[in-house]
1. Scan region 135-154 for residues that are within 16 Å of the ligand (Cβ to nearest atom) and over 12 Å from the mean Cα position of the chain (by Cα) and jot them down.
2. Identify, from the list Ala132, Ala222, the residue that is over 28 Å from Gln423 (Cα atoms), touching a helix residue (DSSP H, G or I) at 6+ places or on another chain (Cβ under 7 Å) and either within 16 Å of the ligand (Cβ to nearest atom) or not acidic (Asp, Glu) (or both).
3. Does region 91-114 include one or more residues that are open to solvent by less than 40 Å² (accessible area, probe 1.4 Å), away from the ligand (no atom under 16 Å from the Cβ), under 28 Å from Gln276 (Cα atoms) and within 21 Å of the chain's Cα centre (by Cα)?
4. If you take just the helices (runs of 4 or more DSSP H) that sit entirely in region 163-274, which of them hold at least 2 residues that are open to solvent by 50 Å² or more (accessible area, probe 1.4 Å) and within 29 Å of Ala425 (Cα to Cα)?
5. Picking from Gly277, Gly295, Gly352, Gly341, which residue would you name as being within 30 Å of Arg159 (Cβ to Cβ) and open to solvent by less than 60 Å² (accessible area, probe 1.4 Å)?
6. Tell me, please, whether a residue that is touching a strand residue (DSSP E or B) at 6+ places or on another chain (Cβ under 9 Å) and over 20 Å from Ala121 (Cα atoms) can be found in region 270-278.
7. Are there any pairs with C-beta distances below 6 angstrom linking a residue in region 363-378 that is hydrophobic (A, V, I, L, M, F, W, C) to a residue that is at pLDDT 95 or above and part of a helix (DSSP H, G or I), with the two at least 6 apart or on different chains, and if so which?
8. Among residues belonging to region 381-412 that are assigned to a strand (DSSP E or B) and open to solvent by less than 20 Å² (accessible area, probe 1.4 Å), point out the one that is farthest from Ser431 (Cα to Cα).
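The values are calculated or read from the model by the stated rules, or taken from the named source; none is laboratory data. As the structure is a prediction and not an experimental result, all values here were calculated from the model. Backbone-built Cβ (ideal geometry, glycine too); neighbour counts: all protein chains shown. When the accessible area is computed, the model is the full protein with side chains, heavy atoms only, and any ligands, DNA or RNA have been set aside. Shrake-Rupley method; radii C 1.70, N 1.55, O 1.52, S 1.80 Å.
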Amino acid sequence: MPIPEKFESTLISTAQRAARYLREVQERSVSPASAAVDRLQSLGGSLPTTPTGPDEILSLLDEVAAPATIVNAAGRYFGYVMGGTLPAALVASWLTSVWDQNCGLTVMSPAAAKLEEIALAWTLEILGFPAAWGGGLVTGATMANFCGLAAARHALLARAGWDVERQGLFGAPSIQVVVGEEVHASMLKALALAGFGRERVLRVSVDGQGRMRAAALPPLDARTLVCVQAGNVNTGAFDPATEICARARQVGAWVHVDGAFGIWAAASPRYRHLTQGFEQADSVATDAHKWPNVGYDCGIVLVREPKYLRAAMSISAAYIMPGEGREPHHYTPEMSRRARGIELWAALRSLGREGMAELIDRACGHAQRFATELRAAGHAVLNDVVINQVLVSFGSAERTLAIVRRLQEDGVCWCGSTEWQGQTAMRISVSSWATTDRDVELSLEAICRAASQ
Ligand SMILES: Cc1ncc(COP(=O)(O)O)c(C=O)c1O
C-alpha cells in the first residue's frame, strides 16, 4: 500500500496523542481500570476482510489500548525492575522506527551499525571496563546472560580441545557450573538454553543479603563456569567479585556476571565501590531498558575477549557481505534485528557521565527515603538498602500480601511482592528517571494508607 497522502498529518496526530498520554498518565491510576482491560477484547475477533487506514489504527490504539496500559511512563511504578524511557531515547525510538533499519550488517545500515558500536564503547567507558572488551545488543538480560554463557561454553571447551559449535555438547568434556543460592531465575533459564541444565549446577550458600559466600566456593579449575551477580533482584546486593574473580583467574575458570541493573551503580562515583572486582570477570550481562532508562527492549552482553562471543555467534553465507569493521550480527544470536543501539546511543549522549551518575544517585536516594520513612512508620525493612531495592514486611505473609493488593488496587503507585529467605515482602524498585520527590511522598502516603486499613 503506498504511503497515504495525508500521512504527515497522521504522524503529527500520533505525536499529539503521545504527548497527551504522557500528560494524562501523571494523574492516572498506575494500574488500568478493569473495564479498560475488558475493552481490549474489542481489538480482536476475526481479522477484518478489508484494510483499515492508519488514522483508524491510531484511534483504536490510543482510545482502546492506551487506557489498558500500566503507567510505567510516570514515576510511580516500582514493580519488578522497570526503568522508564528517557525523552531522548523515546525520540530516538520514533526515528528508528521511521528509518526501519536492520542492524544485522553494516551494509544494511551504516548508521545503525556505527551507533551501536559507539553505544557499546560508551557503555564500557561508563562502567569502567577496558575498551578492548566487546559485545552485542540483544532483547534483555536473559538473552545477554545466554550470550555470555555461549561465549564461556566456547572458550572453556575450546581450551579442552572441543569445538562445541561444530560438535555440540553430547560427548563434550564436562563443565562445572557454579551459581549462588539466590541466582536469578533468568540465569537458570539461560543455563538451560545453553545446554548446561538448570539443575546440573552447584549452588553456593549465600548470606542474609543474598551474596555468595566466597569461602563456600568449591575448588575451581579451567573447566569451571562461575555465575555471579551484580545486584540481587530483591536486595540489590553484590556478590564478592574481587575474591571470586581472583580465585577463578588463578586456574582459568570463567566468571560470568548477571548485572542486569546493579552493574550500572559503577556509573556513579558514590556507588562505584559496590561494583569493584566485576571488571575482572570474563563476561557481563546487563540491561539498558532497566536503569539507563532506554525503552524496551535493550539488553547488552559484554565480553572481555570478544573473539569468544564471535566464535559462538557468527555465521557466514555466500550472500552476506562482510564489511571492513565490526559486523553487528557476529555478536548476537539474531541476524536481522531492530537497531537498538540508536536508542542506547541517544540515552547515553543525552545524559552524559554526570547525568547517568545523577540518575543512579537519585534512584538510590529515593530508595533510602522509602526505607527510612517506612521504618519510621513502624514497618520492617528486610534488606540493607545498598542501591535501589527495598524489601518491606508488614508482618505475616497474609497481611503483607493483602497490603500489596490494596496498594495495587489503590493505583497511586505499584509495588510487587516476593519471598525473601522465608519471608513474604513487598518489593520497591526505584528504576525510573521520572520518579520525583513528590512521587515518593505520594507513594509513601499510599503505602501507609494501605497498611493502616
Ligand atoms: C538480576 C536480574 N537478572 C536478569 C533479569 C532478566 O532481565 P530481562 O527481563 O531483561 O531478561 C532481571 C530482571 O529483572 C534481573 O533483575
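1. Gly135, Gly136, Phe146, Cys147, Gly148, Leu149, Ala150
2. So the residue among Ala132, Ala222 that is over 28 Å from Gln423 (Cα atoms), touching a helix residue (DSSP H, G or I) at 6+ places or on another chain (Cβ under 7 Å) and either within 16 Å of the ligand (Cβ to nearest atom) or not acidic (Asp, Glu) (or both) is Ala222.
3. Within region 91-114, none of the residues are open to solvent by less than 40 Å² (accessible area, probe 1.4 Å), away from the ligand (no atom under 16 Å from the Cβ), under 28 Å from Gln276 (Cα atoms) and within 21 Å of the chain's Cα centre (by Cα).
4. Those helices (runs of 4 or more DSSP H) span 185-193.
5. Result of the check over Gly277, Gly295, Gly352, Gly341: Gly277.
6. So far as region 270-278 goes, yes, one or more of its residues are touching a strand residue (DSSP E or B) at 6+ places or on another chain (Cβ under 9 Å) and over 20 Å from Ala121 (Cα atoms).
7. From region 363-378, the pairs are Ala377/Cys448.
8. By that ranking, first place goes to Ser393.
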